[in-house]
Amino acid sequence: MKRAIITLLTDFGTRDYYVASMKGVILSINPGCSLIDITHQVKPQDVREGAFILSNVHSSFPRGTIHLCVVDPGVGSPRRPILLKTRDYFFVGPDNGLFSFAMRGEKVKTAVDLTNPEFFLSRVSTTFHGRDIFAPVAAHLSLGVKPEKFGNLIDHWEELDSREPEIKGNNLVGEVLHIDAFGNVITNISEEQILQFSRGAPVIIEAGGKRIRNLKKGYWEGERGKLMALFGSAGFLEISVREGNAQKVLRIKRGDRIIVTR
């Protein structure tokens, strides 16, 4: 029998006891499961960043993996704790849009509002559902408990708004979607969208008041310390600096405009 895999993605950081508490609860219920940290460095309360990271990593794991995700600024409020089952994966966490980007590539087969206290810790705090609800639910799920046992079936869940690039005249206008730990600026403009827009013509990318001409095949093609544009591992247009930090050079943030011109 293969070992169950539970991944963890949170904004808890690693300084405090929060992540260790969740792991302790899970291992107390299923000592034989494998725990994999995706990240605990999501910006505090930044649901959109957590959703982006999850959407780019969840499908790298084996079928049956349980993704336990807690970026939960609404903890203790009426927001629902949920479980989503797709063909290949399970997702456990708050119903606040955290799973919405990942679900665009998945088909939800079962969705559950976690209402059955039988699978929670005996005392549920109003501030730490990661430990008291989500961790024990994920652990019981890893032991084979059916999703329907955890609560009431639901047919909808929260979605983050989707801001798609737009063609305006001779421009393709998008925005900064994410900035990674290296300062690489990842946009919401996909490789497919740029190729359709450019029709093989050279392009100019404008960001933070600076212009970048054409696209590189990889970081190695860029000049040290100079801005360059390329398609990153997530399939989106990315602005980088070889051996540098593009975000600091451009002084831009998530949501800022990116313009591509033929």
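Where a number appears in this text, it was derived from the coordinates with a stated rule and is not lab data. Model, not experiment: these values are computed from the prediction. Neighbour counts are summed over all protein chains in view; Cβ atoms, including those assigned to glycine, are modelled from backbone coordinates with ideal geometry.
Summary table
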item	result
Dipole moment magnitude, nearest 20 debye, the chain about Cα centre, only Lys, Arg, Asp, Glu C-beta charged	640 debye
Arg3 paired with Arg123, simple spin-label distance in nm, labels 7 Å along Cα-to-beta-carbon	3.2 nm
The range 166-261, relative contact order [Cα under 8 Å, separation at least 6], %	38 percent
Projected label distance in nm at Asp46 and Phe61, using a 7 Å step from Cα toward the beta-carbon	2.1 nm
Cα gyration tensor, the range 166-261 - rounded (a/c under 1.5), prolate or oblate	prolate
Computed label-point distance, nm, for sites Ser77 and Ala20 using a 7 Å Cα→Cβ extension	3.1 nm
Fewest-first sequence of His156, His129 by Cβ atoms within 10 Å of each Cβ	His156, His129
Highest average packing first - 206-213, 78-85, 136-143, Cβ atoms within 10 Å	136-143, 78-85, 206-213
Whether the range 5-153 is rounded, prolate or oblate, judged on the alpha carbon gyration tensor where a/c under 1.5 counts as rounded	rounded
Degrees, to the nearest 10: 18-29 long Cα axis against longest axis of the chain	40 degrees
Under 16 Å from Lys253, Cα to Cα: aspartates and glutamates that are on another chain or at least 8 residues apart	Asp46, Glu49, Glu175, Asp180, Glu206, Glu238
Amide N proximity, the range 58-99 versus Leu153 label position 7 Å along Cα-to-Cβ, cut-off under 14 Å	85
Cα centroid separation, the range 188-208 to the range 4-69 (Å)	34 Å
Cβ-Cβ FRET estimate between Lys217 and Ser162, R0 fixed at 30 Å, reported to 0.05	0.55
Computed over the chain: relative contact order in percent, which uses C-alpha pairs under 8 Å that are six or more apart	15 percent
Sum of -39500 (n - 2.57) over DSSP H runs of 4+, divided by residues of the chain (222 nm, nearest 500)	-5000 deg cm²/dmol
Sorted by Cβ neighbour density within 10 Å, fewest at the top, the residues Thr7, Thr115	Thr115, Thr7
Sum of side-chain charges, Lys107 neighbourhood, beta-carbon under 13 Å (Lys, Arg +1; Asp, Glu -1)	+2
Prolate/oblate/rounded call for the chain, Cα gyration tensor, a/c under 1.5 rounded	prolate
Note, ³J(HN,Hα) from phi for the range 123-140, Karplus 6.51, -1.76, 1.60, rounded to Hz, x at Gly and Pro	10, 9, 6, 8, 10, 9, 5, x, 7, 8, 10, 5, 5, x, 4, 4, 5, 5
